[in-house]
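So the structure is just underneath, and the comments pick up after that.
The values are calculated or read from the model by the stated rules, or taken from the named source; none is laboratory data. Worth saying up front: this structure is predicted, and the values here are computed from it rather than measured. Counting neighbours? That spans all protein chains shown, and the Cβs are built from the backbone with ideal geometry, glycine included. The accessibility values were calculated without ligands, DNA or RNA, using every heavy atom of the protein model including side chains. Shrake-Rupley method; radii C 1.70, N 1.55, O 1.52, S 1.80 Å.
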Amino acid sequence: MNVRFLGGAREVGRSAILVDDRLLLDYGLLTGNPPRFPVDSVDPEAVVVSHGHLDHVGAVPSLCSGDRRPPIHWTPPTRELALTLARDTLKLHGGTYDCPFTETELRRVTQVSETHGYREPFEAAGYEVTFYDAGHIPGSAHVLVDDGETRLLYTSDFHTGDQRLVSGTTARPDADAVVCESTYSDVTHEDRGAVEERFAESLRTTVWQGGTVVVPAFAIGRTQEVLLICEAHDIDCYVDGMGKRVTEMLRQYPGFVRDADALRRAKSNARFVDGRDGQRRRIADDNTVIVTTSGMLSGGPAMTYVPAIRGSPTNKVAMTGYQVEGTPGRELLETGSAEIDGRRMPVAAGVEQYDFSAHADREGLLAFLADYRDAEVLVNHGDRCEAFAAELREDGFTAAAPAVGDAVDV
């Protein structure tokens, strides 16, 4: 097999891998100003999508431009999440460079979509392809590609530890070559239970002291995880932004979450915000917890809530996800101020960060790869891909870290 990296190599974002110029694995975008897309225009025979995050699926509708109609394969939740993200991108950026597709191309996606469950082999571009639960978000998948001679495993994003929303991956299909993510290859995650306890205690204390907590959270996966934590710790909360739609949608796929009953209780525990008649500003004045998009403070209802609560040290902003360099969330953590909704704002409210990562840490990556010592490992999706590949080689692996644009025969 020839494996060409069109994005996501030695970087996090715009994941796209082309196998033998026929089968495309993911087609994402790298958010920023301006956003960045995979380096080459491609016309694959088929597309396989690992999961519904923008950096893996954000540019997929553009593959249906002109006369192109490649079948797109994914799990049912990934299909729904991808369409939700695409509609949001059109709403926010349609007709600009920030949106690489049109409404017509998005409609075509639904016409060529084919959904599959885990461990149910299917044919795509002449390969046998199988999804395995990756333990990252609902519907996320490792992708095994078999041409009859070589078995390529694309891990995509994965987690080996349990989250409240999804269980960690236990799948280890046989493979001759592995394209492995490395997001947290130099990080050891703190014990999840301890992080939860500290987070819940901070929320309870702030509200008891008369403050309001804004919890910026990614709409897909993280919002639902936070709602589950709040329900488990008997903390009342509001939820706002795209996370509302995603929460409703995921309840339609109980087989892809760890505990469907717990998700139902979490939804019932949270009060959904409709944003009408100044509701958001009234809520910001309450002593309460508000879980809202966006997770990096780059848009969404957080643009109302953070300015409203920033002036009082009694209030708090509790970040729940990694903050990419250059985002307002990263600025806020590092400087105590940020450019929010076009205005530079100092924030007197407390600012905290909690590690609720949905990715494997160093220990998890090495535990996963321990089953692939005889395979060729290609490291991608990380800020230190080359360093991690070198560490794997020192440990006896055959490992490399291709750059964007590189092609590797496996």
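Can you pull out every residue in the stretch 189-210 that is over 22 Å from SER156 (Cβ atoms), in contact (Cβ under 8 Å) with a residue 60 or more places away in the chain and either of a type in the set (S, T, N, Q) or in contact with a strand residue (DSSP E or B) (Cβ under 6 Å, 6 or more places away or on another chain) (or both)?
SER202, LEU203, THR206, GLN209
Suppose the filter is surrounded by fewer than 19 Cβ atoms within 10 Å (Cβ to Cβ) and under 20 Å from THR102 (Cβ atoms); does PRO34 pass it?
Criteria met by PRO34.
Which of the residues that make up the stretch 223-243 are part of a helix (DSSP H, G or I) and touching a helix residue (DSSP H, G or I) at 6+ places or on another chain (Cβ under 8 Å)?
Residues satisfying the conditions are THR223, GLN224, LEU227, LEU228, ILE229, CYS230, GLU231, ALA232, MET242, GLY243.
If I filter the stretch 314-325 for residues that are over 30 Å from ASN33 (Cβ atoms) and either in contact with a Lys or Arg (Cβ under 6 Å, 6 or more places away or on another chain) or in contact (Cβ under 8 Å) with a residue 12 or more places away in the chain (or both), do I get at least one hit?
Of all residues in the stretch 314-325, those over 30 Å from ASN33 (Cβ atoms) come to 314.
Next cut, either in contact with a Lys or Arg (Cβ under 6 Å, 6 or more places away or on another chain) or in contact (Cβ under 8 Å) with a residue 12 or more places away in the chain (or both) only: 314.
Yes - at least one qualifying residue is present in the stretch 314-325.
Taking the stretch 121-166, which residues are in contact with an Asp or Glu (Cβ under 6 Å, 6 or more places away or on another chain), outside any loop (DSSP other than H, G, I, E, B) and open to solvent by 10 Å² or more (accessible area, probe 1.4 Å)?
Scanning the stretch 121-166 gives GLU128, ASP146, ARG151.
Of all residues in the stretch 7-27, which are closer than 22 Å to CYS99 by Cβ and surrounded by fewer than 24 Cβ atoms within 10 Å (Cβ to Cβ)?
Selection gives GLU11, VAL12, GLY13.
Which of the following residues is touching a residue at least 60 places away in the same chain (Cβ under 8 Å) and at negative phi: VAL60, VAL49, VAL19?
It is VAL19.
Suppose the filter is over 18 Å from GLU114 (Cα atoms) and either in contact with a Phe, Trp or Tyr (Cβ under 6 Å, 6 or more places away or on another chain) or not hydrophobic (A, V, I, L, M, F, W, C) (or both); does ASP21 pass it? Before the answer, list the steps.
Details: over 18 Å from GLU114 (Cα atoms): yes; either in contact with a Phe, Trp or Tyr (Cβ under 6 Å, 6 or more places away or on another chain) or not hydrophobic (A, V, I, L, M, F, W, C) (or both): yes.
Criteria met by ASP21.
Among the residues of the stretch 188-243, which ones are buried (at least 20 other Cβ atoms within 10 Å of the Cβ) and under 12 Å from ALA318 (Cα atoms)?
If the condition is that a residue be buried (at least 20 other Cβ atoms within 10 Å of the Cβ) and under 12 Å from ALA318 (Cα atoms), then PHE199, LEU203, THR206, THR212, VAL213, VAL214, VAL215, PRO216, ALA217, VAL226 are the ones that fit.
Taking the criterion of being farther than 30 Å from ASP409 by Cβ and open to solvent by 20 Å² or more (accessible area, probe 1.4 Å), would at least one residue in the stretch 72-79 satisfy it?
Yes; the residues of the stretch 72-79 include at least one that is farther than 30 Å from ASP409 by Cβ and open to solvent by 20 Å² or more (accessible area, probe 1.4 Å).
Would you be able to tell me the number of residues in the stretch 395-410 that are among the small types (Gly, Ala, Ser), open to solvent by less than 30 Å² (accessible area, probe 1.4 Å) and over 16 Å from ALA175 (Cβ atoms)?
2
I'd like the residue in the stretch 167-180 that is part of a loop (DSSP other than H, G, I, E, B) and among the small types (Gly, Ala, Ser) and, out of all such residues, is most open to solvent (accessible area, probe 1.4 Å). Working first, answer last.
Initial filter on the stretch 167-180 (part of a loop (DSSP other than H, G, I, E, B)): 167-176.
Next cut, among the small types (Gly, Ala, Ser) only: 167-168, 171, 175.
Numbers: SER167: 48, GLY168: 13, ALA171: 4, ALA175: 21 Å².
The residue in question is SER167.
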